[in-house]
């Protein structure tokens, strides 16, 4: 017995694969932002609260710069996962913890 509408079945399969791909990209993006985001925010918070007193000025500034680097890596990874160019303007969101903690560091 043959399928009465093979085109419809192929269309449904393509829609399902596209939906699965979207969910996979969203899950991976969330994992990247949770892992890298937690690291970046924790580092920025530590630097804001105790950084210069515990580490000294030079080391605190070095870790502060690393906060920005890790944030940019997280933003670029998320953009690449979602098939966007790594130099998209949204990459600047990775610098948000750096900018917020600048008041306590500088």
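Quick notes on this structure:
- Working value for the stretch 14-106: equivalent-ellipsoid semi-axes of 33, 12, 8 Å, each the square root of 5 times a Cα gyration tensor eigenvalue, largest first.
- Spacing of the two label points (7 Å from each Cα toward its C-beta) at residue 49 and residue 20, in nm: 4.4
- Rounded to 10°, Cα long-axis angle of helix 57-81 versus longest principal axis of the chain: 10
- Rounded to the nearest 10 degrees, the inclination of helix 96-105 to the longest alpha-carbon principal axis of the chain is 10 degrees.
- Using a cutoff of 8 angstrom between alpha carbon atoms and counting only pairs six or more residues apart, the relative contact order for the chain works out to 30 percent.
- Shown for 32, 99: other C-beta atoms within 10 Å of each C-beta, ranked fewest to most, produce the order 99, 32.
Read-outs: derived from the displayed coordinates by stated rules, not from any lab. Note that the structure is a prediction, hence the values are computed from the model and not measured. Cβ: placed from backbone, ideal geometry, glycine included. Neighbour counts: every protein chain shown.
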